[in-house]
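What follows is a single structure, written as structure tokens, with notes after it.
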Amino acid sequence: MASANEVEAELQKLVDRLAAADPAVHADLARTLGGPRLVQMEVPDLRESFWSELTDGTMGDVQRGQPDHADIRITADSDDLLAMIRGTKPLFSSYLAGHVRVQASVSDLLALRRLM
């Protein structure tokens, strides 16, 4: 099991990768979402939660704790989450296998797929 600090650091790397993406990616993501979204990552095996705001195709810094609300909620154990972020475990197959649960609208799900 990964530690909360490892998960937080890997989530921040994901945010940083998105920040370094081509501006067209940011524009496409912003267009797909149509407005800001609060993204929450629940990590039950660590009893931790992390969140970030996705605005204009970029994400803010990763915050630890429970947000006031979440537009997109992702629940996964720490090892599964790290594998998806690192690209060694596909999000879609993890979802089908029940290793990750996602609560979001269909359009938000399509946008989320671009992030992972």
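The values are calculated or read from the model by the stated rules, or taken from the named source; none is laboratory data. In this text the structure is predicted, and so the values were computed from the model without any measurement. Cβ placement follows ideal geometry from the backbone for every residue including glycine, while neighbour counts extend to all protein chains displayed. Ligands, DNA and RNA are stripped out before the accessible areas are found, and what is left, the full protein with its side chains, is counted by its heavy atoms. Shrake-Rupley method; radii C 1.70, N 1.55, O 1.52, S 1.80 Å.
Check G65 against each of (1) surrounded by 12 or more Cβ atoms within 10 Å (Cβ to Cβ); (2) within 15 Å of the chain's Cα centre (by Cα) and name the one condition it does not meet.
Checking G65 against (1) surrounded by 12 or more Cβ atoms within 10 Å (Cβ to Cβ); (2) within 15 Å of the chain's Cα centre (by Cα), the one that fails is (1).
Do we find that D56 is open to solvent by 80 Å² or more (accessible area, probe 1.4 Å) and more than 12 Å from V43 (Cβ to Cβ) in this structure?
Numbers: open to solvent by 80 Å² or more (accessible area, probe 1.4 Å): yes; more than 12 Å from V43 (Cβ to Cβ): yes.
Taking the combined requirement at face value, the residue satisfies it.
When the residues of the range 71-100 are narrowed to those that are of a type in the set (A, V, I, L, M) and open to solvent by 30 Å² or more (accessible area, probe 1.4 Å), which ends up modelled with the lowest pLDDT? Outline the logic, then answer.
First, the residues of the range 71-100 that are of a type in the set (A, V, I, L, M): 72, 74, 76, 81-85, 91, 96-97, 100.
From the residues that got through so far, the ones that are open to solvent by 30 Å² or more (accessible area, probe 1.4 Å) too are 91, 96-97.
Working: L91: 77, L96: 84, A97: 88.
It comes out as L91.
Of (1) open to solvent by 60 Å² or more (accessible area, probe 1.4 Å); (2) among the aromatic types (F, W, Y); (3) in contact (Cβ under 8 Å) with a residue 12 or more places away in the chain, F50 satisfies all except one. Which?
(1)
Give the range 1-37 a look and list any residue that's polar (S, T, N, Q), in a helix (DSSP H, G or I) and surrounded by fewer than 12 Cβ atoms within 10 Å (Cβ to Cβ), or say none. Explain how you work it out, then say what you get.
From the range 1-37, those polar (S, T, N, Q) are 3, 5, 12, 32; that's our starting set.
Filter once more, keeping what is in a helix (DSSP H, G or I): 5, 12, 32.
If the condition is that a residue be polar (S, T, N, Q), in a helix (DSSP H, G or I) and surrounded by fewer than 12 Cβ atoms within 10 Å (Cβ to Cβ), then N5 is the only one that fits.
Taking the options D80, D45, name whichever one is part of a helix (DSSP H, G or I) and more than 29 Å from P23 (Cβ to Cβ). Give the derivation first.
On the way: D45 fails: part of a helix (DSSP H, G or I).
Just one listed residue meets the conditions, D80.
From the set of residues in the range 3-27 that are closer than 25 Å to S78 by Cβ and among the β-branched types (V, I, T), which is modelled with the highest pLDDT?
Taking the candidates together, the pick is V7.
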